[in-house]
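Every number in this text was worked out from the coordinates using simple rules, so none of it is lab data. In this text the structure is predicted, and so the values were computed from the model without any measurement. Here the Cβ positions follow ideal geometry from the backbone for every residue, glycine too, while neighbour counts run over all protein chains shown.
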Amino acid sequence: MEAQVQTKTADPAGVRGGGQDAAVERRLACLRALEQKVLWLSTWMIHHANHVRPNRDGLKVGGHQASCASLATLMTALYFDILRPHDRVAVKPHASPIFHAIQYLLGRQNRAMLERFRAYGGAQSYPSRTKDGDDVDFSTGSVGLGVAITLFAALVQDYVRLKGMVCPEQPAGRMIALAGDAELDEGNVSEALLEGWKHDVRNVWWIIDYNRQSLDRVVEDRLFQRIDSWFCAMGWRVVTLKYGRRQLELFERPGGEAIRDWIDSCPNSLYSALVYQGGAGWRRHLLRDLGSTRGVRALLDDHDDDALHAVMTNLAGHDMESILTAFHGVEGDAPTCFIAYTIKGYGLPFAGHKDNHAGLMSPEQMEVFRNRHRIPPGEEFEPFAGLEPAAEELRAFLAQVPFAAPATRLCSPPLLDMPQQWPAIAAARMSTQEGFGRLLGELARQPEGSFVDRIVTTSPDVTVSTNLGAWVNRRGVFDRRPRADVFREEAIASAQRWEQSPAGQHIELGIAENNLFLLLAALGLSGPLFGARLLPIGTLYDPFISRGLDALNYACYQGARFLLVATPSGISLAPEGGAHQSVITPLIGLGQPELTAFEPAFVDELSVILAWALAHLQDDDGSSVYLRLSTRPLDQPQRVMTPELRREIVRGGYWLMPPGPEADLAVICSGVVTAEARAAHAQLLDDVPGAGLMVVTSADRLHSDWLAAGRDRIEGHREARSHIEELLAQLAPNAVLVTVLDGHPATLSWLGSVAQHRIVALGVERFGQSGDIPDLYREYRLDAAAILDAAARACLDRATAGRRFLPAKPPPLSPSKLPHS
Ligand SMILES: Cc1ncc(C[n+]2csc(CCOP(=O)(O)OP(=O)(O)O)c2C)c(N)n1
Ligand SMILES: [Mg+2]
């Protein structure tokens with residue numbers, strides 16, 4: 001258990017002081033009692049879920065008693081003494097029971113939820129903003145993400161404070177992560193650290209539960225040195241809490257110095273093994289290694305096995321006074337990392353055992369534990385059972401906990417005034433990406449005081465190449481301090497201005513998509529967290545959504561609201577090649593909960609969708625929105641945007657060329673291949689005059705609406721009809737559908753189930769490659785010829801329906817040979 005870094009000694013001055021020792025002693029007594037209660041409740045909650053509650057499916061319910069025990073002291077100190085209402089905390093996911101126990105003691109969680117821990121409707125396995133009712137600040141679960149979001153939340157707090165969007169009397173809160181030490185292995189944590197350094201982030205605390213164990217094993221020795229230097233290099237203050245006060249007292253005695261050196265050089269795995277073995281194990285090793293060192297034998301003789309075990313495991317992360325001294329000793333807003341030495345499973349029978357991560361105490365072990373905590377049967381969930389001080393004193397203590405002071409912790413700022421009129425972009429030919437840039441450029445011209453002031457854009461080093469340039473030129477780049485645009489000052493010609501100041505409305509990130517999504521998550525929670533509603537817009541290249549997919553999922557999971565604009569996309573990015581061509585993102589758009597996906601073909605659609613999206617982000621029943629755009633210019637339809645068309649675009653699709661009566665063929669397209677669909681459709685009209693051409697602006701909206709209508713019908717609303725059902729009802733029952741998009745064909749292939757139409761789904765199923773659009777569309781069967789061929793084959797198939805097997809390779813068909821049924 002290496003340590004060359006000096007521990008902050010447990011100087012009680014920060015806790016005591018003012019000659020009020022008796023009062024301080026009572027406070028400490030209350031805190032220690034609550035620490036024991038929090039440990040008991042978390043352990044019992046998990047035990048109850050696994051051994052007491054009836055189990056109907058035979059699955060292990062689970063829970064992490066050891067991981068909870070590791071944080072019991074630190075979280076008790078934090079919540080019952082250190083935190084203020086404006087502080088925000090991301091709790092290590094598997095310490096969820098500790099969090100719920102604390103909220104229960106503070107009167108913010110009810111007993112039924114604890115009894116239903118990990119059950120349907122009960123307290124969640126991992127803290128959840130949206131599902132837990134006890135004031136979770138940040139959801140956690142996927143390790144590393146909860147840690148990093150606190151850093152971005154601190155950046156967002158600065159953003160809204162420096163712009164005067166929150167009342168100046170509201171103090172800045174600390175954004176605090178309680179992190180498992182193994183969480184630091186996640187790359188997204190280092191990505192965030194580097195970004196935080198660039199933005200000079202303030203008011204972040206990361207408290208590392210340094211129990212030197214992960215899920216599988218005991219972690220590397222000397223890791224803490226890396227952690228220490230790593231944080232220092234990023235400008236963080238590092239406070240190490242290693243030895244508890246009893247250890248420090250022991251080190252003062254003759255032979256104590258040698259024991260300290262022994263602890264410092266003891267490998268993590270041996271230290272953990274001895275924690276598990278207890279007093280006799282410590283004695284055996286200390287005698288073997290230090291038996292001849294002056295004073296050691298006498299020191300050991302002075303401790304029985306229990307006392308020796310207690311002192312050898314008295315790490316600062318389990319010593320209330322050391323923790324309070326360290327936390328209170330931190331001044332100013334510099335980002336601070338606390339490396340708190342702890343023991344996984346502290347106080348439990350499997351403490352220190354390398355396999356204890358998912359370990360559960362047996363009923364027999366639980367009985368021993370119950371006796372130690374003096375909990376009478378039936379009083380397991382009683383808040384003060386078995387405690388000393390008495391309930392009255394503890395109640396009085398809890399009533400004055402600063403974190404529990406009356407304050408609005410869940411803000412719901414008013415909706416922004418959205419305009420009736422929206423800028424229109426007139427163009428004969430344009431790509432949706434260019435249209436997006438132009439639309440934002442137009443919005444940027446709005447006078448001060450409009451909803452546009454609440455738009456904040458961000459991008460991982462693709463601001464210019466995703467067409468945010470005009471917006472940034474007009475609205476500037478955000479920085480805590482004004483910084484000149486040097487190229488401009490030097491009169492060097494550039495289309496892009498880069499003035500940075502607190503007034504800027506664009507936050508530039510380095511290339512790290514995890515950071516993009518975590519920043520979007522934090523920006524998208526600015527309303528509930530800080531009371532300042534923002535309209536966050538993040539841009540990135542569509543294929544790199546996958547790079548940050550877990551962080552995107554994380555952002556959606558906790559209800560953050562933002563607009564994601566992904567461009568360019570698909571194989572239409574032709575010469576850029578397969579590494580940059582996205583294939584599965586339309587399926588992500590279709591499948592990701594709390595994210596509504598659109599893929600407009602034309603710029604007037606985009607304008608409608610953008611206006612809708614910025615309002616939808618604010619709706620109670622809304623969601624985040626994803627726009628999949630393209631750099632490929634398309635001929636724009638010259639049309640009047642009627643209210644009906646606007647409605648259909650938002651609902652997910654419309655007939656660009658409505659089918660004739662009883663039409664038995666329709667081409668259905670989404671996004672840039674609408675050009676090919678239009679060309680193919682024009683040719684088909686010769687043979688099938690009534691053929692329809694549908695443009696799908698949102699497969700996602702159509703799909704979810706269709707499922708919802710199906711559910712409504714099951715519930716007895718027989719008249720319920722989804723938009724896609726209404727659209728497809730205009731076709732003959734035996735009609736053939738050909739769908740096409742520059743993405744995975746499954747995005748639209750479900751359309752065949754809506755009214756049991758025969759369907760051929762075209763799209764991309766393989767990695768792309770370099771080429772020009774004619775070559776690539778031919779190779780991947782997205783061109784007009786492929787659409788015509790698909791239509792012909794489907795019609796042939798229909799004509800021969802009933803004949804089970806078709807020739808393996810039917811002869812090539814021309815449109816004029818289309819068979820009709
Ligand atoms: C992204 C991700 N990968 C894997 C897991 C599974 N997992 C849960 S906890 C854990 C180990 C955590 O160790 P540490 O952070 O040190 O916490 P401790 O239990 O030691 O307090 C792992 C691998 C996860 N939750 N998230
Ligand atoms: Mg650990």
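Brief remarks on what is shown
- Distant-in-sequence amide contacts of ARG483, defined by a placed amide H-H separation under 5 Å and a gap of 5 or more residues or a different chain, comprise GLN500, SER501.
- Here region 709-742 and region 305-356 have alpha carbon centers that stand 61 Å from each other.
- Note on region 309-398: with charges restricted to the Cβ of Lys and Arg (+1) and Asp and Glu (-1), its dipole about the Cα centre is near 340 debye.
- Charge sum, other residues only, whose C-beta stays under 14 Å from ASP87's C-beta, Lys/Arg counted +1 and Asp/Glu -1: +1
- Folded to 0 to 90 degrees: helix 363-372 orientation relative to the chain principal axis, Cα: 50
- Gyration tensor (alpha-carbon) shape descriptor, region 112-249, a/c threshold 1.5: oblate
- Separation of alpha-carbon centers, region 90-118 and region 398-461, rounded to whole Å: 35
- By the count of other C-beta atoms within 10 Å, a proxy for reagent exposure, ASP453, ASP301 are ordered fewest to most as ASP301, ASP453.
- For region 334-404: rounded, prolate or oblate by the Cα gyration tensor [a/c cutoff 1.5]: oblate
- Scaled to the globular estimate 2.2 N^0.38 Å, the Cα spread of region 305-375, given as radius of gyration, is 1.43.
- Full extension of the chain segment joining ALA23 with GLU489 gains 161.6 nm, where the gain is 0.36 nm per residue of separation less the Cα-Cα distance.
- With contacts taken as Cα pairs under 8 Å and at least 6 residues apart, region 537-662 reaches a relative contact order of 28 percent.
- Using a Förster distance of 56 Å, the FRET efficiency for GLN420-GLN225 (Cβ separation, nearest 0.05): 0.40
- Positive dipole terminus of the chain, leading residue within ALA786, LEU617, PRO637 (C-beta point charges): ALA786
- Compactness relative to 2.2 N^0.38 Å, alpha carbon Rg of the chain: 1.12
- As a length-normalised measure over Cα pairs under 8 Å and 6 or more apart, the relative contact order of the chain settles at 11 percent.
- Calculated FRET efficiency for the pair ASP621/CYS411, C-beta based, R₀ 22 Å, to 0.05: 0.70
- For ASP355 and SER465, the FRET efficiency from 1/(1 + (r/R0)^6), where r spans their Cβ atoms and R0 equals 56 Å, is about 0.70.
- Protection proxy ranking of 309-316, 256-263 - average other beta-carbon atoms within 10 Å, highest first: 309-316, 256-263
- Alpha carbon Rg of region 657-772, scaled by the compact-globule rule 2.2 N^0.38 Å: 1.12
- Of interest is the spacing of the C-alpha centroids, which for region 175-192 and region 563-619 amounts to 30 Å.
- Taken over the alpha carbons of region 503-643 as equal point scatterers, the Debye sum produces base-10 log I(q)/I(0) values at 0.15 Å⁻¹ of -0.76.
- In degrees, nearest ten, helix 279-290 long axis to first principal axis of the chain (Cα): 80
- Distance violations [Cα-Cα > 29 Å] among LYS92/LYS354; LYS163/LYS198; LYS37/LYS92; LYS131/LYS242: LYS131/LYS242
- Packing-based exposure ordering (other Cβ within 10 Å, fewest first) of PHE403, PHE562, PHE224: PHE403, PHE224, PHE562
- Mean Cβ count within 10 Å, highest first, over the residues of peptides 63-69, 357-363: 63-69, 357-363
- Less than 5 angstrom separates the built amide H of LEU656 from those of LEU693, MET694, VAL695, all sequence-distant by 5 or more or on a different chain.
- Simple spin-label estimate for ARG56 and ALA746 gives 3.0 nm between the two label positions (7 Å along the Cα-to-Cβ direction from each Cα).
- When shorter helices are ignored and each DSSP H run of at least 4 residues is given -39500 (n - 2.57), the per-residue value for the chain at 222 nm works out to -11500 deg cm²/dmol.
- Net charge of Cβ neighbours under 15 Å - reference ARG253; Lys, Arg +1; Asp, Glu -1: -1
- Cα long-axis angle, helix 223-233 against the chain (0 to 90 degrees, to the nearest 10): 70
- Relative packing of peptides 683-695, 91-103, 40-52 - highest average C-beta neighbours within 10 Å first: 91-103, 40-52, 683-695
- Region 253-394, Cα convex hull volume normalised per residue, Å³: 184
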